[in-house]
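The structure under discussion appears below in the form of structure tokens.
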Amino acid sequence: MTALLRKHALALATLLALAAAPFLGFGDGFALGLLARAMILGMAAVSLSLLVGGAGLVSLGHAATMGIGAYAVVAFDAAGISEGLIVFPAAIAAAAAYALVTGAVSLRTSGVHFIMITLAFGQMAFFTTSSFSSLGGDDGYTLYARTEWLGMRILDNRLAFHFLCLGLLALVWIGGTLLLGSRFGRVLRAARENPQRALAVGFQPYPYRLTAYGMAGAVGGLAGALLANATEFVSPALLSWTRSGELLFMVILGGVGQLGGAILGALAMVLLEETLSHLLVYWRLVFGPLLVLAVLFLPDGLVGAPLRLRAAFRLASPKRRNADA
């Protein structure tokens, strides 16, 4: 139990900090909106981390699932339907269906071919949404109102929305962690390490990978539906390959192999991006090199940073130097 808590200490501390943030001076509308965006992107990044770290599937089209979830909200909004009990399940189901259909084809390939085919499917979804003039086309769509739940406008309350995002993020993280620790997750990891050996012991990797791909798509759809409500605006840019690249970078920055790392990566990227954009005009000139340095000097991601720091301090301590001498 202690080892388990130690392993997930950073992710748990991050979730606790997010829970306490509204009561520690971050309770204004702007801060809550920013944290909600970080948590929603964290949710999508955790689902992508399940694929990358768990199944070894590096997708460059994961943002499409998020965009499909968001556009499901848009489609219902345009039809005058805003009941959450209809909108959210439909958004999740649409994204999961997209993931299962595209995954059924993509998973026939591997390596760089898998990356390129997921990119192609993502761009197809991007151009499809761009062509829907009734849903705003290239200009995007502004929601008339946020989604209601049983006629109540719960999501209009920024504090309630903050804790809804936090609760769902925690559920996605715990669910993903339990899934990777289960027999299903062990088969995924075995297929990632050595597909031939997994086949030899009687496990076909394909259905396991497709199921994981569909699950990750469903979470992406949930994140998209939440993001549409958070921003009250949806555009095709949400499905672009650059957004998929950002999600992938959040996973790498946080630490591949641990789902909690994706939460840290998403939070770090969103906060860094927001801070630099307020300080500098050409903030991307600083943002890019910082991300490159993070990858170079933190190969295990942010979750591995405490261990690296501890090792560095031990090497630098006089007692250790004397012992080595």
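The values are calculated or read from the model by the stated rules, or taken from the named source; none is laboratory data. All figures in this text were calculated on a predicted structure; none of them were measured in a lab. Positions of Cβ are generated from backbone atoms using ideal geometry, with glycine treated the same way; all protein chains shown enter the neighbour counts. Side chains included, ligands, DNA and RNA excluded: accessible areas come from the protein's heavy atoms. Shrake-Rupley method; radii C 1.70, N 1.55, O 1.52, S 1.80 Å.
Over all distinct Cα-Cα pairs of region 1-82, the Kirkwood formula returns a hydrodynamic radius of 15.5 Å.
Note on Ala19/Glu83: beta-carbon distance plugged into 1/(1 + (r/R0)^6) with R0 of 25 Å gives a FRET efficiency of 0.30. Under a Gaussian network description of the chain, with springs only between Cα atoms under 10 Å, the residue in Val105, Val187, Val46 that fluctuates furthest is Val105. Simple rule: put +1 on each Lys or Arg Cβ and -1 on each Asp or Glu Cβ in the chain, find the dipole, and look at Gly25, Ser47, Phe233; the Cα lying farthest toward the positive end is Ser47. In plain terms, the chain from Asn157 to Ser134 could stretch by 5.4 nm, reckoned as 0.36 nm per residue minus the Cα-Cα distance. Both radii are taken from the alpha-carbon atoms of region 204-325; with Rh as the Kirkwood radius, Rg/Rh is 1.11. In the chain, a dipole from Cβ-located charges (positive for Lys and Arg, negative for Asp and Glu) runs towards its positive end, and of Ser82, Ile154, Leu285 it is Leu285 whose Cα lies farthest in that direction. Projected over every direction and averaged, the convex hull enclosing the alpha-carbon atoms of region 205-262 yields 4.9 nm².
Surface composition of the chain: carbon plus sulfur atoms contribute 69% of the solvent-accessible area (1.4 Å probe, protein chains only, all chains present).
Can you give the relative contact order of the chain as a percent, counting alpha carbon pairs under 8 Å and 6+ residues apart? After rounding, I find 32 percent. Helical runs assigned H by DSSP (4 residues or longer) give the chain a calculated mean residue ellipticity at 222 nm of -24000 deg cm²/dmol, each run adding -39500 (n - 2.57) before division by the residue total. Taking trypsin sites (Lys or Arg not before Pro) in DSSP loop states with no more than 14 other Cβ atoms inside 10 Å as exposed sites, the chain has its longest site-free stretch at 154-325.
Compared with the direct C-alpha span, the chain from Asn194 to Ser277 gains 25.5 nm at full extension, assuming 0.36 nm per residue.
Solvent-accessible area of Met43, all protein chains in place: 0 Å² (probe radius 1.4 Å, heavy atoms, ligands and nucleic acids excluded). With all pairs of different C-alpha atoms in the average, the Kirkwood value for the hydrodynamic radius of region 165-245 is 14.7 Å. Accessible-area rank, largest first, for Ile86, Ile117, Ile40: Ile86, Ile117, Ile40, with all protein chains present and a 1.4 angstrom probe.
Region 111-147 and region 209-259 have Cα centres lying 13 Å from one another. Accessible surface comparison of Glu273, Glu193, probe 1.4 Å, protein chains only, largest first: the order is Glu193, Glu273.
For region 162-279, the relative contact order comes to 15 percent (Cα pairs under 8 Å, sequence separation of at least 6). Note on the chain: with a GNM built from Cα contacts shorter than 10 Å, the maximum mean-square fluctuation among Gly217, Gly301, Gly111 falls on Gly111. Each residue was assigned an accessible area with a 1.4 Å probe, and for Tyr208 the value is about 50 Å². Accessible surface for the chain, divided over its residues, is 48 Å² per residue with a 1.4 Å probe. Place a label point 7 angstrom from the Cα of Arg284 along the Cα-to-Cβ direction, then list the residues of region 194-237 whose backbone nitrogen is under 16 Å away. Correct set: 237.
Computed over the alpha-carbon atoms, the chain gives an Rg to Rh ratio of 1.00, Rh here being the Kirkwood radius from the mean inverse distance.
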